[in-house]
Amino acid sequence: MHARYGVPLGITAAGAAGLLYAAGFEARSFRLRRVTVPVLPSGMRPLRVLQVSDIHMVSGQRKKQRWLRSLAGLRPDFVINTGDNLSDPEGVPEVLDSLGPLMEFPGAYVFGSNDYYGPVFRNPARYLLEKVQGRHGLNGNPPAVGVVHNPWEDLRDAFDAAGWLNLTNTRGTLKIEGVSLELTGLDDPHIKRDRYEQVAGGPSDSADFSMGVVHAPYLRILDAFTADAYPLILAGHTHGGQLCIPFYGALVTNCDLDTDRVKGLSTHTAEGRTSYLHVSAGCGTNRYTPVRFACPPEATLLTLVGRE
C-alpha cells in the first residue's frame, strides 16, 4: 500500500509546496528592474522613467504599499502608470497612499480593465483555452454583464489633482528641465476602449521626444504606434505570464502578443518601421489568483539614452 500511494502523495506534497511558495513568497518578492533604452535624439540628456503597472491593490497589502512608497527614493524624472491599480473596490485610498510619494514627480497614466471593473474568479485553465481559440478579453468574448464597477473616478481625480497627465485616448506634454516630452496614450484595448483614430498621426514636430502608452499590448495597437513612428511604447497587463515554467517562460499573455515578449524590453516592427516595446510584468495579481511562479512582481526604472 505504501508503494501504491507514495507517488500521488509525493505529487500532492510538491504541488502544495509550490503553491505555498507562489502565494506566500514569490507574489510578495518585489523587485526593481533597470533597463537602458537607446531612443533619445543625439545630444539629449538621459531621462529616467519609473514604470509601475498592475498594482491590483487589495486592502491590507501592507508590504506592497511600503515597497511602492519606497520607489520615490529613486528620484525618477517622471513616472508612468500603465493601469490596473485596483483589485478591490475598497482599495482606492491604499493605492493613493502607496503612490503618494511618487505623485510628487511629474507623471502620466492610463487605466486598465481592473480600474473600471471589479475582478471575478476565473479558472486559470481558461487563459490557455482562450489562447488556443484566439479569444482575449472582450476581443472575441461576449461583453461582460453583472460586473462590479470600481470607483475609478476617485483615482482619476486624485491623479489629475497631483498633476499627472490623463492619457485616455489623448496626448499630453511634460516639461522635464527644458525637455518637451510628448506622451500619446490609449484607453484599455482589452475591453475595446481604445480609440487610436483620436490620436493618430505620429509624434508632433514640436516635441523633443515622443512615446506611446497603453495598458494592454494588443498587436493592433503596437502596429499603429510603430507605423506612426513612435520610438518607444510602454505597456503592462500581461503579469509577465504570472505562472511561468522555469527555463521555458510564460504560457500565456492574456492578449494576442506572443509569449517571447510577455515582459521586458523587445522591439516591434510594422510597415517597415521598428519601435522599442517595454512590457511590465507588474507588481500585483487578481485577488482571486494571488500567486506568481518564476515571475516575481516588479517595477522598472528605464533610463532613456541617445540612439546608438
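Please tell me if Gly185 is open to solvent by less than 10 Å² (accessible area, probe 1.4 Å), touching a Gly at 6+ places or on another chain (Cβ under 8 Å) and of a type in the set (Gly, Ala, Ser). So Gly185 passes the test. With respect to the stated conditions, Leu99 is more than 19 Å from Ala216 (Cα to Cα), crowded, with 22+ Cβ neighbours inside 10 Å and either at pLDDT 95 or above or among the β-branched types (Val, Ile, Thr) (or both).
Annotation: Ala158 fulfils all but one of (1) touching a residue at least 12 places away in the same chain (Cβ under 8 Å); (2) open to solvent by 30 Å² or more (accessible area, probe 1.4 Å); (3) not in a strand (DSSP E or B); the unmet one is (2). Taking the conditions (1) at pLDDT 80 or above; (2) outside any loop (DSSP other than H, G, I, E, B) in turn, Asp187 satisfies each one other than (2). When segment 188-204 is filtered for residues that are closer than 16 Å to Thr226 by Cβ and surrounded by 17 or more Cβ atoms within 10 Å (Cβ to Cβ), the ones remaining, listed by number, are Pro189, Asp194, Tyr196, Val199, Pro203.
The set of residues from segment 66-96 being polar (S, T, N, Q) and open to solvent by 30 Å² or more (accessible area, probe 1.4 Å) comprises just one member, Ser70.
Residues that are β-branched (Val, Ile, Thr) and more than 16 Å from Leu219 (Cα to Cα) within segment 162-204 comprise Thr168, Thr170, Thr173, Ile176, Val179, Thr184, Val199, listed in sequence order. Only one entry of Val148, Val132, Val120 meets the criterion of being at negative phi, modelled with pLDDT of 80 or more and surrounded by fewer than 16 Cβ atoms within 10 Å (Cβ to Cβ), and that entry is Val148.
Please verify whether segment 264-275 includes one or more residues that are out of contact with any Cys (no Cβ under 7 Å at 6 or more places or on another chain) and under 30 Å from Pro89 (Cβ atoms). No, the conditions are met nowhere in segment 264-275. Residue check: is Gly43 among the small types (Gly, Ala, Ser), on the phi > 0 side of the Ramachandran plot, touching a residue at least 60 places away in the same chain (Cβ under 8 Å) and surrounded by 15 or more Cβ atoms within 10 Å (Cβ to Cβ)? So Gly43 fails the test.
Of Thr274, Thr285, all but one fail to be polar (S, T, N, Q) and in contact with a strand residue (DSSP E or B) (Cβ under 7 Å, 6 or more places away or on another chain); the exception is Thr274. Note on segment 23-133: enclosed helices (runs of 4 or more DSSP H) holding 3 or more residues that are farther than 30 Å from Val145 by Cα and not acidic (Asp, Glu) are 62-70. Of all residues in segment 164-190, those that are within 18 Å of Leu232 (Cβ to Cβ) have Cβ atoms under 7 Å from Cβ atoms of residues that are basic (Lys, Arg) and part of a strand (DSSP E or B), 6 or more apart or on another chain, in Glu182/Arg171; Leu183/Arg171; Thr184/Arg171. Counting only strands (runs of 3 or more DSSP E) that sit completely within segment 205-301, those holding 2 or more residues that are among the small types (Gly, Ala, Ser) and crowded, with 17+ Cβ neighbours inside 10 Å correspond to 209-213. Just one residue in the set Gly172, Gly178 is among the small types (Gly, Ala, Ser) and open to solvent by less than 30 Å² (accessible area, probe 1.4 Å); that residue is Gly172.
The values are calculated or read from the model by the stated rules, or taken from the named source; none is laboratory data. If you're wondering where the values come from, they're calculated on a predicted model, not measured in any experiment. We place every Cβ from the backbone using ideal geometry, glycine too, and count neighbours over all the protein chains shown. SASA here: full protein model, heavy atoms, side chains in, ligands and nucleic acids out. Shrake-Rupley method; radii C 1.70, N 1.55, O 1.52, S 1.80 Å.
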